[in-house]
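This report refers to the structure that appears directly beneath it.
The values are calculated or read from the model by the stated rules, or taken from the named source; none is laboratory data. Everything numeric in this text was worked out from a predicted model, so none of it was measured. As a convention, Cβ positions derive from the backbone with ideal geometry for all residues, glycine included, and neighbour counts pool all protein chains shown.
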Amino acid sequence: MIFSFDLLFEAVLFGVLLGCFYAAVSIGLSVSFGLLDVPNVAHPAVMIVGSYFTYVLCSYGFDPIVAGVVLMPVFFVLGVLLYRFYYESFEKRGTEAGVRGLAFFFGIAFILEIALILGFGVDQRSVQAEYIGSSWELGEYRIPYRMLVAFGVALVLTASLTLYLSKTFTGRAIKAVAQDEPALRLMGANPVRIKQWAFGIATGVSALAGAMVIIIGPVEPAMDRIFIGRTFCVVVLAGLGSMTGTLGAGLILGISESIVLMFFGASWAPAVAFGLLLIVLGIRPQGLFGR
Amino acid sequence: MKFWISCLVVALAAGGLAISGINEYFFFAAFVVLTYIVLATAWNILGGYAGYVNFGTSAFFGAGAYAAVVLFQALGAPLAVQIAAGALTGAALGFGVGVMTLRLRGIFFAIATVAVVFIMETLMINWRYVGGATGLQLQRPEVMAPFTTYARMLFVVMTLMAITAVGIARYIQTSWLGRGLRAVRDSEEAAEANGVPTLRLKLIACVVSGALMGAAGAPMPMYLSFIEPASTFSLNYAIGALAAPMIGGTIHWLGPVIGAIVLASLQQIVTVTISGEINVLVVGVLLVLFVILAPDGILGLFRKWLKSSSR
């Protein structure tokens, strides 16, 4: 292990960029699991499906970010349908939805993964764009443009979702449904419709997140497994449902992973998110920025 | 009594098959099916009886497998010792994860178990002694009489283990432990308020379940004469162990056994006739279909059919 403050600085710098990316891929889960309490273990799998759809669109000449944005409404509709289905099959029946709901999403994740393997094979896929592969020379540091792009998109995504939830009428209704569903019903609003709208947003956002995953690096069908750790780590660390907390937690994960990567090697990096997740669950399950 | 007589019959039948002259492939396939019976039964002790979903069966399974390999490498330990070590490792892991997360809601326990899979895998990838990421070739010891091949011996060992696992699950289901766990599943607050020591019961279930999963993993390296982290900690074990009870039915010890036999046999057939990917797809699709359409599994369907035909 070689240690120097130069390397540390580089690791932190890279970690900040990586952290914003992690916040962006987790923010959909922060809405669906954090606010709506849906145990959406299939969130990372849906996101990787988004990456592959981006890949397909890119082969027709789309820019990956544009492709991600184009996919958002499609995924929004898919999300609404998925929630509707989950609601009719589990939430409506009430009792014991926990075990079955979890098993349901776990099964969905596996089905999506195998569907990708059958459709695209197990090989890694990547996309081409001007900002992928080149980097920004900053003195002695080199920052890949793809990281900057992901960083920018992540910030925009987090900021707009935070504003949406706190300023608009529907956004506030989503927060209200998370706080007290029966009260919302008493006010004459339909919590199921608000929840399916919110779940749609969460799924739509994961299309753009999927586009960023494939911008950052090549994807393969089984990649959702490692993102289960990263996304749930960020959401739990953030304190369920806190949007700004998601950004903070993403940064913590990004910086820790980057430091481990730099000083201990790539073979240890996958364990960082899962280790951090276990520590948070054991010590402070309400998260750092919790309500 | 009837239960133990049928167990004896199954054990004798397995012994008879093992010294008979039937095709060797049968033992290879049956070993996998039996492994899934143990895993599903173990999963159900916590998942079915208490309602705490374990997504990380492969962590316990893999921990058992690696414990066996370490003992075999270091001391050349016999299979029985390897299995005991696997069970102990699984139990210790179950205790650790349980203490950390069983206080929280079920979803957090589920996520924590996934985390344990990846942490264990990373540890083993970085541990040179057990072969790191590339794995380790193992030299099987001489097979004991009266068996002619190692696969036949493993088949009998696994049958005995499956009987033990089912016996334990059956005991838990009918004892005070099972009653307590059912209370936890139906309403944890109400159980706690009535003086049920919920955390202790859940921990016991988690430890027993982990021990059985660890034991199930221990013979795997000898079966393959090889060990490697990626396939040992594959989430395919996790989804199989979870899907089998869901398909068979979770409230009775027979459910996971039926589910595992149906599912694992189907998987063996699909793997041979179509492909390995489709076999995981089969598990996923069956799991989703059953949790939606037949929440009480095959046993539940059977009971419903009994009721409607008696009317």
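Can you tell me how many residues within the range B:286-303 are surrounded by 16 or more Cβ atoms within 10 Å (Cβ to Cβ) and in a helix (DSSP H, G or I)? Quick ask: steps written out before the conclusion?
Step one: of the range B:286-303, the residues surrounded by 16 or more Cβ atoms within 10 Å (Cβ to Cβ) are B:286-288, B:290-292, B:294-300.
Remaining after also requiring in a helix (DSSP H, G or I): B:286-288, B:290-292, B:297-300.
Looking only at that region, the number is 10.
What is the one condition in (1) without any contact (Cβ under 8 Å) to a residue 40 or more places away in the chain; (2) within 11 Å of another protein chain (Cβ to nearest Cβ); (3) surrounded by fewer than 22 Cβ atoms within 10 Å (Cβ to Cβ) that B:Val143 does not satisfy?
Only one criterion is unmet by B:Val143, namely (2).
Could you list, ordered by first residue, the pairs with Cβ atoms under 6 Å in which the first is in the range A:56-80 and in contact (Cβ under 8 Å) with a residue 60 or more places away in the chain and the second is assigned to a loop (DSSP other than H, G, I, E, B), at least 6 apart or interchain?
A:Cys58/A:Val127; A:Asp63/A:Ala129; A:Pro64/A:Val127; A:Pro64/A:Ala129
Away from every other protein chain (no Cβ under 14 Å) and either in a loop (DSSP other than H, G, I, E, B) or among the acidic types (Asp, Glu) (or both) - does that describe any residue in the range A:158-169?
Step one: list which residues in the range A:158-169 are away from every other protein chain (no Cβ under 14 Å), which gives A:158-169.
If we keep only those that are either in a loop (DSSP other than H, G, I, E, B) or among the acidic types (Asp, Glu) (or both) as well, we get A:168.
Yes, the range A:158-169 has at least one match.
A:Tyr83 - would you say it is of a type in the set (Ser, Thr, Tyr), without any contact (Cβ under 8 Å) to a residue 24 or more places away in the chain, surrounded by 14 or more Cβ atoms within 10 Å (Cβ to Cβ) and away from chain B (no Cβ under 12 Å)?
Criteria not met by A:Tyr83.
Considering each of B:Gly48, B:Gly16 in turn, give the residue that is farther than 30 Å from B:Gly135 by Cα, surrounded by 24 or more Cβ atoms within 10 Å (Cβ to Cβ) and not β-branched (Val, Ile, Thr).
Values: B:Gly16 fails: surrounded by 24 or more Cβ atoms within 10 Å (Cβ to Cβ).
So the residue among B:Gly48, B:Gly16 that is farther than 30 Å from B:Gly135 by Cα, surrounded by 24 or more Cβ atoms within 10 Å (Cβ to Cβ) and not β-branched (Val, Ile, Thr) is B:Gly48.
Considering B:Ala42, B:Ala63, which residue is at pLDDT 90 or above, assigned to a helix (DSSP H, G or I), buried (at least 24 other Cβ atoms within 10 Å of the Cβ) and under 11 Å from the mean Cα position of the chain (by Cα)? Give the derivation first.
Details: B:Ala63 fails: under 11 Å from the mean Cα position of the chain (by Cα).
Exactly one of B:Ala42, B:Ala63 is at pLDDT 90 or above, assigned to a helix (DSSP H, G or I), buried (at least 24 other Cβ atoms within 10 Å of the Cβ) and under 11 Å from the mean Cα position of the chain (by Cα), namely B:Ala42.
Specify which of the listed residues (B:Thr101, B:Thr89) is of a type in the set (S, T, N, Q) and within 14 Å of chain A (Cβ to nearest Cβ).
Values: B:Thr89 fails: within 14 Å of chain A (Cβ to nearest Cβ).
Result: B:Thr101 is the single residue among B:Thr101, B:Thr89 that is of a type in the set (S, T, N, Q) and within 14 Å of chain A (Cβ to nearest Cβ).
Taking B:Ile251 as meeting all but one of (1) in contact (Cβ under 8 Å) with a residue 12 or more places away in the chain; (2) crowded, with 20+ Cβ neighbours inside 10 Å, write down the number of the exception.
Looking at each condition in turn, B:Ile251 falls short on (2).
Of the residues A:Ala109, A:Ala103, A:Ala115, which is aliphatic (A, V, I, L, M), surrounded by 16 or more Cβ atoms within 10 Å (Cβ to Cβ), within 13 Å of another protein chain (Cβ to nearest Cβ) and touching a His at 6+ places or on another chain (Cβ under 9 Å)?
Numbers: A:Ala103 fails: touching a His at 6+ places or on another chain (Cβ under 9 Å); A:Ala115 fails: touching a His at 6+ places or on another chain (Cβ under 9 Å).
Among A:Ala109, A:Ala103, A:Ala115, only A:Ala109 is aliphatic (A, V, I, L, M), surrounded by 16 or more Cβ atoms within 10 Å (Cβ to Cβ), within 13 Å of another protein chain (Cβ to nearest Cβ) and touching a His at 6+ places or on another chain (Cβ under 9 Å).
Check off (1) of a type in the set (A, V, I, L, M, F, W, C); (2) within 11 Å of chain A (Cβ to nearest Cβ); (3) within 12 Å of B:Asn44 (Cβ to Cβ) for B:Leu254 and give me the number that stays unchecked.
(2)
Which residue out of A:Val213, A:Val192, A:Val205 is surrounded by fewer than 24 Cβ atoms within 10 Å (Cβ to Cβ) and either under 30 Å from A:Ile111 (Cα atoms) or within 13 Å of chain B (Cβ to nearest Cβ) (or both)?
Values: A:Val213 fails: surrounded by fewer than 24 Cβ atoms within 10 Å (Cβ to Cβ); A:Val205 fails: surrounded by fewer than 24 Cβ atoms within 10 Å (Cβ to Cβ).
Exactly one residue qualifies, and that residue is A:Val192.
For the range A:205-262, name all the residues that are polar (S, T, N, Q), touching a Gly at 6+ places or on another chain (Cβ under 6 Å) and closer than 18 Å to A:Ser51 by Cα. Lay out the reasoning, then the answer.
We begin by selecting, within the range A:205-262, every residue polar (S, T, N, Q); these are A:206, A:231, A:242, A:244, A:246, A:256, A:258.
Narrowing further to those that are touching a Gly at 6+ places or on another chain (Cβ under 6 Å): A:206, A:258.
The one that is polar (S, T, N, Q), touching a Gly at 6+ places or on another chain (Cβ under 6 Å) and closer than 18 Å to A:Ser51 by Cα: A:Ser206.
What's the number of the only condition in (1) outside any helix (DSSP H, G or I); (2) within 13 Å of the chain's Cα centre (by Cα) that B:Gly259 fails to meet?
Condition not satisfied by B:Gly259: (1).
Just to verify a result, which residue in the range B:267-282, among those that are surrounded by 15 or more Cβ atoms within 10 Å (Cβ to Cβ) and of a type outside the set (S, T, N, Q), is farthest from the other protein chains (Cβ to nearest Cβ)? Spell out how you get there, then give the answer.
Pass one, the range B:267-282, residues surrounded by 15 or more Cβ atoms within 10 Å (Cβ to Cβ): B:267-268, B:270-271, B:277-282.
Narrowing the set further to residues that are of a type outside the set (S, T, N, Q) leaves B:270, B:277-278, B:280-282.
Details: B:Val270: 12, B:Glu277: 5, B:Ile278: 8, B:Val280: 5, B:Leu281: 4, B:Val282: 9 Å.
Within the range B:267-282, the match that is farthest from the other protein chains (Cβ to nearest Cβ) is B:Val270.
Assess whether A:Phe9 counts as being in a helix (DSSP H, G or I), within 30 Å of A:Ser256 (Cβ to Cβ), without any contact (Cβ under 8 Å) to a residue 60 or more places away in the chain and not acidic (Asp, Glu). Show your work before the answer.
Numbers: in a helix (DSSP H, G or I): yes; within 30 Å of A:Ser256 (Cβ to Cβ): yes; without any contact (Cβ under 8 Å) to a residue 60 or more places away in the chain: yes; not acidic (Asp, Glu): yes.
Judged against the criteria, A:Phe9 is a match.
Keeping to the range A:280-289, report how many residues are at the interface with chain B (Cβ under 10 Å from one of its Cβ atoms) and among the charged types (D, E, K, R).
Number of matching residues: 0.
Could you list, in sequence order, the residues of the range A:70-95 that are within 15 Å of A:Pro191 (Cβ to Cβ) and small (Gly, Ala, Ser)?
Matches in the range A:70-95: A:Gly94 only.
For the subset of the range A:254-279 comprising residues that are more than 13 Å from chain B (Cβ to nearest Cβ) and at pLDDT 90 or above, which member is nearest to A:Val38 (Cα to Cα)?
Keep residues of the range A:254-279 that are more than 13 Å from chain B (Cβ to nearest Cβ), which gives A:254-256, A:258-259, A:262-263.
Keeping just the survivors that are at pLDDT 90 or above gives A:254-256, A:258-259.
Values: A:Gly254: 25, A:Ile255: 28, A:Ser256: 28, A:Ser258: 30, A:Ile259: 33 Å.
Out of the qualifying residues, it is A:Gly254.
Filter the range A:118-129 down to the residues that are in a helix (DSSP H, G or I) and either more than 10 Å from every other protein chain (Cβ to nearest Cβ) or out of contact with any helix residue (DSSP H, G or I) (no Cβ under 7 Å at 6 or more places or on another chain) (or both) and list them by number. Spell out how you get there, then give the answer.
If we filter the range A:118-129 for residues that are in a helix (DSSP H, G or I), which is where we start, we get A:118-120.
Across the range A:118-129, the qualifying residues are A:Gly119, A:Phe120.
In this structure, is B:Ile37 surrounded by 18 or more Cβ atoms within 10 Å (Cβ to Cβ), in contact (Cβ under 8 Å) with a residue 60 or more places away in the chain, farther than 12 Å from B:Gly214 by Cα and away from chain A (no Cβ under 14 Å)?
On the way: surrounded by 18 or more Cβ atoms within 10 Å (Cβ to Cβ): yes; in contact (Cβ under 8 Å) with a residue 60 or more places away in the chain: yes; farther than 12 Å from B:Gly214 by Cα: yes; away from chain A (no Cβ under 14 Å): yes.
Answer is yes for this residue.
Here are A:Gly98, A:Gly107: which of them is modelled with pLDDT of 85 or more and either part of a helix (DSSP H, G or I) or not aromatic (Phe, Trp, Tyr) (or both)?
After ruling out the rest, the residue left standing is A:Gly107.
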